[in-house]
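Each value in this text was obtained by applying a stated rule to the coordinates, not by laboratory testing. The structure presented is a predicted model; accordingly, all values stated were derived computationally and were not measured. Cβ placement follows ideal geometry from the backbone for every residue including glycine, while neighbour counts extend to all protein chains displayed.
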Amino acid sequence: MTVTVGTSTSTAARAVGVTKVYGSGEAAVTALDGVSVDIERGRFTAIMGPSGSGKSTLMHCLAGLDDVDSGEVFVGDARVTGLRDKGLTDLRRTKVGFVFQQFNLLPTLTAEENILLPLAIGGRKVDRAWFDTVVDTVGLRDRLGHRPTQLSGGQQQRVACARALVGRPDVVFADEPTGNLDSRSGAEVLGFLQRSAQEFGQTVVMVTHDANAASYADRVVFLADGRIVRELVEPTAEAVLDTMKHLDGGVA
Amino acid sequence: MFRATLKSLMARKLRLLLSGLSVVLGVMFVSGSFVLTDTLDRSFDSLFSSVYTGVDAQVTTKPKVQGGDGDPESSAAALPASVLETVRGVDGVRAVVGDVVGPARAIGKNGKVLTTSGAPRLGDAWAEDLSGQRVLREGRAPEGDREVVLGGFLAKSGGFAVGDEVAVLTAAPKQTYEVVGVFGYQGGRDSLGGEMSISFSPATAHRVLLGGPDTYTSVTVQAADGVPQDVVRDRVAAAIGADYQVKTGTELAKAQTDSIGEGLKFFNYILLGFAGIALFVGAFIIFNTFSIIVAQRTKELALMRAMGASRRQMMVSVVLEALVIGVVASVVGLGAGVGVGALLARLFATFGGGSLQLASIGLPAAAVVSSFAVGILVTMAASVFPAVRASRIAPVAAMREAATPDRPLTKPTVAGAALSATGGTLLGIGLANGVLWMVFSGILVAFLGVALLTPLISKPVVAVIGGLLSWSTPGTLGRRNSARNPRRTAITAAALMVGIALITGVSIVLTSATASITKVADSQISADLIISGEEGATFEPAVLDRVRSTPGVESAFGFYSDYAAVDGDRMHLQAVTDFPAMQRLFGLRATAGSFADVTGRTVAMAEETAKAKNLGVGSTVTVQLAKGEQQTYSVAVIYAKNGVMDGVQLSAAAAADFSSAELTDAFAKVAAGTPVADVQHRVEPLFADNPEVSVQDRSAFVRQQAAQLDTVLLMVQILLALAILIAVLGVVNTLALSVVERTRELGMLRAIGMRRAQVMRMIIVESVVISVFGALLGLLVGSGLGVATVRALRDQGITELGFPWARMGTYLAVAAVIGVVAAILPAIRAARLNVLNAISYE
Ligand SMILES: Nc1ncnc2c1ncn2[C@@H]1O[C@H](COP(=O)(O)OP(=O)(O)O)[C@@H](O)[C@H]1O
Ligand SMILES: [Mg+2]
């Protein structure tokens, strides 16, 4: 069964019938099995599901970090599927931003340099007003000159968020951004991702297995065994938790 | 434990390969040197035993000047024919041949004298050959005074065939002969050992080689069957008396082999010295590799500690890994060394020694022992510090997030300063007193000291070098990466420093020597034309008279050179044709007496020599020349030595008792207002018969001297290239390990939009920064070494200090290129990283 969700006319990213298989023969694992999903522009979407359900794989495919075995992926109006390294690099420079679970920053650079790194690499101009807005939103104004080793995990992750935003990409992808953080720091980061969608209209896609984290999102897409099985809009933590329990039971 | 070590080794093949390779190259150098010299040694052994086949004893005159190196060309007077008759009558002698041998050089069809690479160019009399080895291949024996038979090697080298004309230089003036035959040796050989030989008819040989009939160079004796060599030797010796010496064929072969063996041993020491340098550099690489690995594996090692592994086990695991690398590298290096040694021996036999018959390639025990000893010791020694560090990792480090923070640099800096000072002092004392081992160990210790100091200086220096390269974001990132682990960068750079410092030091000494020669030529030699022969070529005194009477020549003088015993001390001295002319043309200053007084039985003596012998004007010395009896001379003038004249000089009359009655050098001053080139054109034809003698103006003379030094520099550069190659491996290794270590970081950079080309540029900048830093250190340390050596050699005539700026610039540029080359593989590896794998890499 294939469930296609999201019918908004304005999509920031789109997967159409994406299948991804790891390995071959006996050992083949179907990580994604005909997934179609629209990521709505200007909204905060969470991808949830039990461990091994294919969340990360879906995100990697959407972001052009991984290629698909069948189906197509679009970011903005650009077709990602089939792009070569140069095209993918251009895509990463202009259309997507990333926040990883860990190891997000270059230890040799200051917070400010880390934030501006994508622009420096791409040889793009810095929009100072936007930079200031982002920095103030993440609350790092007084930490700009610090090196990553001088920052807490939460602060580092906020620097990573600011870096993802500073280039005004079509989509910011975050894979378990709070996975390594305590709940307070996690709440700060999640709050920031939420605000960037609400206040700046930034499209954000976040992978998580934490119901509380998912409740910050405008919309939650549930994955199980490489398929999209459910969707919640404006979820509460309880609703997400319920759905997860239901899923675990249903799948097992 | 051993299993775990092996597994960890196999899991890191690249590391094994690169760090092992540095030892392999060093060991290869060591075993290659031994194999080469052993093979050559045995080849010469069999060469000389075949040269002396059929010679049971040989009689020569006792050399009047003792202590020479047995150089046959300069030795001893000829034997009278009467000796031949006496020997013939000795009981137990079957056959006797009077040898007539002397230098004879053929002029090739291009008008240039044909040369060997070290083997003699000889003429002899075509006579009965007791060894039975010579084979007349074509034509017939020479007759009369216009015919020769050529050795096969000479005939081939010069392209001569029977019926051709050949011009030959001997003790007599140049003469042209007809080639009537070509000979070779048993076994189809063209020569015994790359020598060029010309055989004349006996009468001609006497005339052109020895200057007259009835004398012989030596007398070769063959014993009757059953009479041992030493018995014949003793009987002959008893019969002919004390003026002559008799040696058995075995003794002669051994003496020749020994003297070649001495040379080979020296050669071997030089090669081993360079091998030592290569291994020293290799030790840096091993040390660095293990340090990086221990740092990268901190968590893993801490985990093992947490699970109950002891400190000792931690240490053993690292040292064991080093042992395995050392053993494997030694085996591979030994094998490669045999190959290299065999190859070099073949090259030597083909290009160096004419047609030297190579002995089979052997594996001398010394090669095996030293390869293993050196390979394993170096590897283990270099791993000790990292092993100790591994053992000190606290179990709690397993739980910590980041790797251990940078340790303070205080300890290495203090140790480095102490070592540098010690090394510098040793070097200073060694240079001042000419103690070689002190010089070498001083340099080594100083290198270690500087290497320990490098982390401290790396920060500011790397910032400056990097600043020049960081015009783009990848450049900035690369520069920061190179400043990230000061120790790692420093050791990698220090490995490169060693080679570049040595090359720079040698280059400075040679540049200073050239500058000194130029200075001497410009300030002391006021002669405009310098006439000298290469490879001991000489010219007739009569030619000097013609030079003197050439229009435009204001004055000219020349000298004869030979070894002599002065008050029993063997020294090289000259007999000068015109002392006042020499005084003027060489700018000599008499401190006592007058140059005009050096006539008959008097000498001129440099002040230093006189002081050493405690002599003054009027004092007497005994002089034994190559011929004649010992004579008493008195000192007529004492002069301040300069860059061109030193020691003792006799008047021209004494040259009659020199081994050769021909001049070795001459100098001419051109009359004011006459262009030197014009006079040179008029003088040159006087030496047309003697292509080995050149007429040069002052600047050409200086250039020629400098060219010889350039050859030395070239050899040193070639031999040090291996040390630099190993240092390059070190740069590759460090970068490769860094790329592995920063996999995730690289993945992240790619994820946020860095292009492959940018990743490569980043790694290349890091590499160039490291190598340029190493080169700068090398230039600096090398300058120190060079200046110290030049200072110490002031008394040896190196009075000027010259810096080879262009060459030093080249070394720096080469280092930058090396940086780029070393970065290629790691950069490709980094650029090829799969972004997804990199960021999810654990
Ligand atoms: N590189 C890979 N090679 C093989 N199998 C993989 C690889 N990456 C993921 N998988 C498999 O694909 C499935 C989905 O993985 P993933 O997308 O990482 O799940 P999630 O992020 O939801 O935990 C899992 O069964 C996982 O084992
Ligand atoms: Mg995942």
**Fill in**
For the stretch B:463-617, Rg(Cα) over 2.2 N^0.38 Å is 1.86
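Using only the alpha carbons of the stretch B:783-842, what is the convex hull's orientation-averaged projected area in square nanometres? It would help to have the intermediate numbers written out before the result.
Details: hull surface 27.9 nm².
Mean shadow area of the hull around the Cα atoms is 7.0 nm².
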**Item:** Whole-Hz couplings from phi, Karplus 6.51/-1.76/1.60, listed for the stretch B:411-418; x for Gly and Pro
**Value:** 4, x, 5, 4, 4, x, 4, 4
**Fill in**
One checks the Cα atoms of the stretch B:613-771 and finds Rg and Dmax, in Å, of 32.2, 94
**Fill in**
Treating every alpha carbon of the stretch B:54-259 as one equal point scatterer without solvent, the Debye formula yields log10 I(q)/I(0) values at q = 0.18 Å⁻¹ of -1.31
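Between residue B:178 and residue B:381, what length in nm is gained on full extension when 0.36 nm per residue of separation is reduced by their alpha carbon distance? Please list the in-between numbers first.
Working: separation 203, 0.36 × 203 = 73.08 nm, distance 6.74 nm.
Using 0.36 nm per residue and subtracting the Cα-Cα distance, I get 66.3 nm.
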**Request:** Let me have the 222 nm mean residue ellipticity of chain B computed from DSSP H runs of 4+ only, each contributing -39500 (n - 2.57), with the sum over all residues rounded to the nearest 500.
**Result:** -19000 deg cm²/dmol
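Which whole-number percent gives the relative contact order of chain B, counting Cα pairs below 8 Å spaced six or more residues apart?
Details: 1662 pairs, mean separation 135.5, N = 842.
16 percent.
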**Prompt:** What dipole magnitude, in Debye to the nearest 20, does chain B give about its Cα centre under +1 on Lys/Arg Cβ and -1 on Asp/Glu Cβ?
**Reply:** 6280 debye
**Fill in**
The ratio Rg/Rh over the Cα atoms of the protein assembly as shown, Rh being the Kirkwood inverse mean 1/r radius, stands at 1.15
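From the P(r) of chain A, could you give the percentage of C-alpha pairs in the tail past 31 Å?
Numbers: 6905 of 31626 pairs.
Across chain A, Cα pairs with separations above 31 Å total 22 percent.
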**Prompt:** All other residues with a Cβ under 13 Å from the Cβ of residue A:117 taken together, and with Lys, Arg as +1 and Asp, Glu as -1, what is their net charge?
**Reply:** +3
**the stretch B:77-145: radius of gyration and largest Cα-Cα distance (Dmax), Å** = 16.1, 52
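With 10 angstrom as the radius, rank B:726, B:240, B:764 by how many other C-beta atoms surround their C-beta, starting from the fewest. Write down the numbers at each step before the final one.
Numbers: B:726 29, B:240 19, B:764 23.
In increasing order of surrounding Cβ atoms, one gets B:240, B:764, B:726.
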**Request:** Over the whole of B:561-567, what's the average partner chain Cβ count within 10 Å per residue? Rounded to a whole number, please.
**Result:** 0
**Request:** With everything on Cα atoms, drop me the angle between helix B:436-469 and the longest principal axis of chain B, reported from 0 to 90° to the nearest 10.
**Result:** 50 degrees
**Message:** Out of all DSSP beta bridges in chain B, what portion is antiparallel? Express it as a percent rounded to 5.
**Reply:** 80 percent
**Prompt:** Using just the C-alpha positions of the stretch B:436-517 as equal point scatterers, what log10 of I(q)/I(0) does the Debye formula give at each q in 0.21 1/Å?
**Reply:** -0.96
**Prompt:** Each label point is 7 Å from the Cα along the Cα-to-Cβ direction; what then is the distance between the points at residue A:182 and residue A:26, in nm?
**Reply:** 4.8 nm
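May I ask for the equivalent-ellipsoid semi-axes of chain B, computed as the square root of five times each C-alpha gyration tensor eigenvalue and listed largest first in whole Å?
62, 34, 25
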**Message:** Using a 7 Å offset from Cα along Cα-Cβ at residue B:641, what residues in the stretch B:580-612 end up with backbone N under 20 Å from the label point?
**Reply:** B:582-595, B:603-612
**Message:** On a full-extension model of 0.36 nm per residue, what is the gain between residue B:814 and residue B:115, subtracting their alpha-carbon distance, rounded to one decimal in nm?
**Reply:** 248.1 nm
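Tell me what chain A gives for mean residue ellipticity at 222 nm when only DSSP H runs of n ≥ 4 count, each as -39,500 (n - 2.57), the sum divided by the residue total, rounded to 500 deg cm²/dmol.
Numbers: 8 runs with 92 residues, N = 252.
The helix contribution divided over chain A gives -11000 deg cm²/dmol.
Which whole-number value in Å³ per residue fits the convex hull of the alpha carbons of the stretch B:730-842?
Values: hull volume 10.9 nm³, N = 113.
Per residue, the Cα convex hull of the stretch B:730-842 comes to 96 Å³.
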**Request:** Would you calculate the separation in nanometres between label points at residue A:129 and residue B:53, each defined as 7 Å from the Cα along the Cα-to-beta-carbon direction?
**Result:** 10.2 nm
**Message:** Can you compute the modelled spin-label distance between residue A:168 and residue B:373, with each label point 7 Å from Cα toward Cβ, in nm?
**Reply:** 7.4 nm
**Test item: A:30-37 mean partner chain Cβ contacts at 10 Å** = 0
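Efficiency by 1/(1 + (r/R0)^6): what FRET value for residue B:267 and residue B:630, r their Cβ-Cβ distance, R0 = 45 Å, to the nearest 0.05? The partial results should precede the final answer.
Details: r = 37 Å, r/R0 = 0.82.
It comes out at approximately 0.75.
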**Prompt:** Ranked by Cβ crowding within 10 angstrom, fewest neighbours first, how are A:110, A:208, B:413 ordered?
**Reply:** B:413, A:110, A:208
**Request:** Quick one: P(r) of the stretch B:538-689 from all Cα-Cα pairs, 10 Å bins, percents rounded to integers, in order of increasing distance.
**Result:** 11, 40, 32, 14, 3
**Asked** Peptide A:117-126: average number of partner chain Cβ atoms within 10 Å per residue?
**Response** 5
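Show me the ranking of peptides A:84-96, B:775-787 by mean Cβ neighbours inside 10 Å, starting with the highest.
Put in order of decreasing packing, that is B:775-787, A:84-96.
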